[in-house]
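Okay, structure first, notes after.
The values are calculated or read from the model by the stated rules, or taken from the named source; none is laboratory data. A quick note: this is a predicted structure, and the numbers were derived from the prediction, not measured. Every residue, glycine among them, receives a Cβ derived from its backbone with ideal geometry; neighbour counts consider all protein chains shown. Accessible surface areas use protein heavy atoms only, side chains included; no ligands, DNA or RNA. Shrake-Rupley method; radii C 1.70, N 1.55, O 1.52, S 1.80 Å.
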Amino acid sequence: MSLQAPSKITDNNKRFDNFADGKVFTGKKSGRLPAMGWNSWNAFGSGNTEALTRAMADKIIELGLDKLGYKYLVLDDGCYKSERVDGKLSNEPVKFPGGFKTLSDYVHSKGLKFGMYNDIGTNLCAGAAVGTCGHEDIDAQSYIDWGVDFLKIDNCYYLWDNATFSNPENARFVFAPKIKSVIVDGKKLSAVGDGILTGASVKVDEKGNFVYGIGTLDGTNTGTSPVGLRSGELIFEVDSASEKSVELQVEYASGREVGIGEWLQLAVGEGNAAEYFYDDLLPVTSDKDTFVLSAPISIRLRAGKNKIRIMNHRRQENTLDSYAAMLEGLNKAKPDHEVVLSMCEWGKTHPQNWAYKVGDSWRILNDITFRVGSDGNPGFGAWADPGTPSVTSQYNKAVVMDVFAGLDKGWNDPDMLMIGMDGLNLVQNKTHFTMWCMMNSPLMLGLDLRRVSLGDELYKIIANRDLIALNQDALGVQAKRIFTTADCGSESPDKAYIEDINRIDVLAKPLADGNIALSFINVSEENWTGNISVSVKQIEKAFGKKLVSSNKFQVRDLWSGETWENESGVFEISELGACDNFTIRISPF
């Protein structure tokens with residue numbers, strides 16, 4: 001991969017138009033359930049060591065967590081030398097004196113799987129200049145040689161977007177310039193008067209003179225819904241009496257900031273029929289308010305109505321291309337590899353639209369906590385911080401993303417579990433675990449496991465077989481929110497992105513054996529009283545199909561273990577403590 005400019009997109013599978021075609025790339029496995037294991041970042045940050053990693057492996061076995069499915073032990077940032085050695089990755093000699101192959105062998109000797117970390121940028125998030133960009137093939141070979149089973153790949157210092165620690169001016173690559181008009185075959189068309197705007201990002205300026213924001217909304221932080229068209233275009237519909245080649249010019253002003261860039265994509269038609277006639281930087285204008293005409297671009301019109309598309313989907317396409325480069329490297333190094341690819345671009349490019357093609361899971365927001373090391377301390381706000389770093393901010397987004405997940409796709413990842421870290425009480429820990437299990441999120445523990453003893457309160461949470469069974473259910477269906485006490489506006493409960501946590505949600509999840517999991521979740525930090533009831537018919541309506549053929553049910557509380565019979569097909573609560581949940585498994589007789 002070049003370090004001078006984004007790669008040319010020559011594979012239509014990497015084009016925006018084909019994001020929804022259902023085709024995955026070579027080497028991407030389907031049918032995998034969410035990964036379970038332990039990751040070093042929250043507990044130790046960059047301070048993780050070989051000795052600590054071995055201790056965590058030993059603790060997983062001591063607690064029997066491996067028998068519950070916690071198989072992957074993942075080294076996060078801070079394990080490499082700060083520079084490459086002869087072009088290759090190498091271990092930090094003080095913290096990891098034995099090297100990665102020796103550590104991998106130790107982890108494998110315990111019956112566990114070994115995971116590592118890198119970044120699609122030039123540097124890792126903690127700063128080491130050993131990102132995979134331009135080194136995908138050689139790094140992939142190293143990972144195969146070390147026996148790596150799992151790769152978490154981050155998104156810092158990324159050259160082709162204004163990602164974390166990247167140059168803010170990299171926005172030039174992922175937004176089109178301001179557009180005032182186009183001239184097609186001698187006819188001038190106004191962007192505001194004649195153009196059609198699509199997607200949530202594209203805007204008309206206050207004075208109505210031009211269009212800007214042609215690109216993809218940044219999904220890194222809260223406030224941006226994952227539902228709907230996140231990447232927008234400016235479209236002109238042009239009739240042609242015959243098929244012919246004509247010239248097109250764009251009246252534009254470029255910039256290097258969010259919403260105003262330099263990269264233009266120009267295509268005619270949609271989907272597989274789309275023809276791209278320009279996909280590159282335009283010459284820089286003197287400033288972002290001075291409009292100029294581009295050089296003529298030759299395009300081809302078909303007989304009849306044509307859609308001329310002014311766009312920039314490169315934020316998504318570039319990122320897909322970079323992650324695909326690592327997958328391709330792994331394929332070259334070992335065609336039959338089984339490496340799990342955990343994509344950590346924080347939801348920036350709305351990976352729910354495209355990540356299934358290349359990865360097994362994709363992060364949906366920035367980190368769940370920024371307080372890491374010394375076992376972490378999420379502190380005040382760990383449950384309810386309105387920004388990114390909290391349980392509820394992650395849940396609020398993930399809970400409306402069920403349509404993007406599945407065995408044939410992969411899994412929405414609201415980041416590692418904070419269970420057992422300071423800042424969450426036991427009730428919050430239980431509900432945190434319930435949320436992640438219901439939503440088929442990867443279950444990656446983030447605490448120092450030496451804080452856990454067999455049979456203690458933390459153990460009872462992370463080792464709850466009934467909840468884990470929901471997460472690992474063979475049907476592989478993420479729970480759907482079928483009811484909420486919040487005002488959804490015009491949206492249905494399963495599509496409304498709600499940030500106000502003062503609410504009760506009800507989630508339903510069909511299971512492979514014909515059972516249904518149902519969870520009443522108090523998202524708020526206040527006790528709640530009042531009747532909420534949900535019927536089997538409501539659940540079936542939400543999923544659009546018949547789920548049970550019985551009027552009598554056995555019900556099991558998945559936290560207390562209590563069981564009872566139900567002949568009404570209606571399940572209800574009248575009160576629920578702050579941050580608590582009532583989660584049941586409904587089994588038809």
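Being open to solvent by 20 Å² or more (accessible area, probe 1.4 Å) and without any contact (Cβ under 8 Å) to a residue 40 or more places away in the chain is a property that Ser568 has. Here Glu62 clears all of (1) under 29 Å from Val130 (Cα atoms); (2) touching a residue at least 24 places away in the same chain (Cβ under 8 Å) except the condition numbered (1). A single member of Ser142, Ser181, Ser190 is within 29 Å of the chain's Cα centre (by Cα) and surrounded by fewer than 24 Cβ atoms within 10 Å (Cβ to Cβ), and it is Ser142.
In region 79-100, the qualifying residues are those that are part of a loop (DSSP other than H, G, I, E, B) and without any contact (Cβ under 8 Å) to a residue 40 or more places away in the chain, and the one that is most open to solvent (accessible area, probe 1.4 Å) is Asp86. In region 202-224, of all residues being at pLDDT 95 or above and of a type in the set (Ser, Thr, Tyr), the one that is nearest to Asn318 (Cα to Cα) corresponds to Thr216. Annotation: of all residues in region 225-241 being small (Gly, Ala, Ser) and part of a strand (DSSP E or B), the one that is nearest to the chain's Cα centre (by Cα) is Ser231. Scanning region 519-541 for residues that are among the hydrophobic types (A, V, I, L, M, F, W, C) and open to solvent by 40 Å² or more (accessible area, probe 1.4 Å) yields one hit, Trp528. Considering the conditions (1) touching a helix residue (DSSP H, G or I) at 6+ places or on another chain (Cβ under 6 Å); (2) within 22 Å of Gly199 (Cα to Cα); (3) of a type in the set (A, V, I, L, M, F, W, C), Met311 is excluded by exactly one of them, (1). Name the pairs whose Cβ atoms lie under 7 Å apart, with the first residue in region 495-520 and free of Cβ contacts under 8 Å to residues at least 24 places away in the same chain, the second assigned to a loop (DSSP other than H, G, I, E, B) and polar (S, T, N, Q), and 6 or more positions between them or separate chains? From region 495-520, the pairs are Arg503/Thr485; Arg503/Ser524.
Within region 193-220, being open to solvent by 40 Å² or more (accessible area, probe 1.4 Å), in contact with a Lys or Arg (Cβ under 7 Å, 6 or more places away or on another chain) and within 28 Å of Pro351 (Cβ to Cβ) holds for Tyr212, Leu217, Asp218.
A residue that is out of contact with any strand residue (DSSP E or B) (no Cβ under 8 Å at 6 or more places or on another chain) and on the phi > 0 side of the Ramachandran plot cannot be found anywhere in region 407-419. Is there a residue being of a type in the set (Ser, Thr, Tyr), out of contact with any helix residue (DSSP H, G or I) (no Cβ under 7 Å at 6 or more places or on another chain) and not in a loop (DSSP other than H, G, I, E, B) anywhere in region 391-401? The answer is yes, given that some residue of region 391-401 is of a type in the set (Ser, Thr, Tyr), out of contact with any helix residue (DSSP H, G or I) (no Cβ under 7 Å at 6 or more places or on another chain) and not in a loop (DSSP other than H, G, I, E, B). Go through the residues of region 427-437 one by one and say whether even a single one is at pLDDT 95 or above and in a loop (DSSP other than H, G, I, E, B). Looking through region 427-437, none of the residues is at pLDDT 95 or above and in a loop (DSSP other than H, G, I, E, B).
Taking the condition among the polar types (S, T, N, Q), over 16 Å from Leu470 (Cα atoms), within 23 Å of the chain's Cα centre (by Cα) and modelled with pLDDT of 95 or more, does Asn396 pass? It is true that Asn396 is among the polar types (S, T, N, Q), over 16 Å from Leu470 (Cα atoms), within 23 Å of the chain's Cα centre (by Cα) and modelled with pLDDT of 95 or more.
Scanning region 145-178 for residues that are in contact with a helix residue (DSSP H, G or I) (Cβ under 8 Å, 6 or more places away or on another chain), open to solvent by 40 Å² or more (accessible area, probe 1.4 Å) and part of a loop (DSSP other than H, G, I, E, B) yields a total of 1.
Apart from one condition, Asn412 fits all of (1) in contact (Cβ under 8 Å) with a residue 40 or more places away in the chain; (2) open to solvent by 20 Å² or more (accessible area, probe 1.4 Å); the exception is (2).
A Cβ distance below 9 Å, combined with a sequence gap of six or more or placement on separate chains, defines the contacts here; from region 186-202, residues that are closer than 18 Å to Asp239 by Cα reach residues that are open to solvent by less than 50 Å² (accessible area, probe 1.4 Å) and in a loop (DSSP other than H, G, I, E, B) in the pairs Leu189/Gly195; Ala191/Phe210; Gly193/Gly208.
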